[in-house]
1. Please report, ordered by residue number, the helices (runs of 4 or more DSSP H) entirely within the range 94-191 with at least 3 residues that are at pLDDT below 85.
2. Cβ-Cβ below 7 Å, separation at least six or inter-chain, first residue in the range 120-139 and open to solvent by 40 Å² or more (accessible area, probe 1.4 Å), second of a type in the set (Lys, Arg) and assigned to a helix (DSSP H, G or I): which pairs?
3. With the requirement that a residue be surrounded by 13 or more Cβ atoms within 10 Å (Cβ to Cβ) and among the β-branched types (Val, Ile, Thr), what does the range 16-66 give you?
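The values are calculated or read from the model by the stated rules, or taken from the named source; none is laboratory data. Values in this document were obtained by computation on a predicted structure and should not be read as measured data. Methodologically, a virtual Cβ is constructed for each residue, glycine included, from the backbone with ideal geometry; neighbour enumeration extends over all protein chains shown. Heavy atoms of the whole protein, side chains included, go into the accessibility calculation; ligands, DNA and RNA do not. Shrake-Rupley method; radii C 1.70, N 1.55, O 1.52, S 1.80 Å.
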Amino acid sequence: MFGRRQHVAPDTFGSEVLGYLEPLFATAMRLTRNRADAEDLVQDTIVKALRFRDRFEPGTNLRAWLYTILHNTWRNRVRDTAREALDVDSDRIEQLASTADGPAEIETPERVLLRATMDADLRDALEDLPEAFRQAVWLRDVEEFSYAEIAKMLEVPIGTVMSRISRGRRQLFDKLSHKGEGQKSKVSVSQ
C-alpha cells in the first residue's frame with residue numbers, strides 16, 4: 001500500500017479534465033497560432049492526462065498539471081519539427097511576397113478575443129515581446145498562474161520566471177509609454 005498513489009475515479013477525473021478544454025485551447029492557440037495545431041495540441045494533452053491519470057496526485061492543482069502537459073507536448077512538437085527536413089515551395093513564397101500586402105494573417109479565435117478585449121497598443125506590444133517573455137507574462141498576468149507553477153510548466157528555475165515576467169512587463173511598459181508620448185506630442189502639435 002505504501003508508495004502507491006491514490007486512485008482517482010475515471011468519470012470524475014475525466015469530467016474535471018474536460019472542464020478545462022476552453023482555457024487549454026486558448027493557450028494552445030497562443031502557442032501555435034494555428035487553429036488546427038491548437039486543436040491537435042489540446043487533444044494530445046487530454047489524451048495524455050487521461051492515460052496518465054494515475055500520476056496525478058489528488059489534492060494538487062489539476063489545472064497546473066494540465067498546463068504542464070500542454071506546454072511539454074508543445075515544446076516536444078517544436079523540437080521534433082525543428083529536426084524535420086522542410087520542403088519549401090519557393091515559387092509560392094516569392095508569389096506571396098510580391099503581392100502588395102504580402103500573405104494575409106490567419107484569423108484565429110485568440111486574435112478576435114484579444115482584439116475585442118485588449119487595447120490595440122497593448123495587444124501589439126504584447127505580440128512584439130520575445131516568445132519567452134510573452135509566454136511568462138501571459139501565464140502570470142492573463143492565466144494567473146503562480147511563479148512556481150509557471151516554473152514547473154516551462155521547466156525553468158523560478159528565478160528565471162520572475163526575471164522573464166519582470167523584463168517582459170518592463171518592455172511592455174516602455175513600448176506603451178513611448179506610444180503614449182508620441183500621441184501626446186501629436187496632440188500638442190495640433191493645438
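1. Filter on the range 94-191 gives 109-117, 120-128, 158-190.
2. From the range 120-139, the pairs are ASP121/LYS179; ARG123/ARG115; ASP128/LYS175.
3. Correct list: VAL17, THR27, THR32, VAL42, THR45, ILE46.
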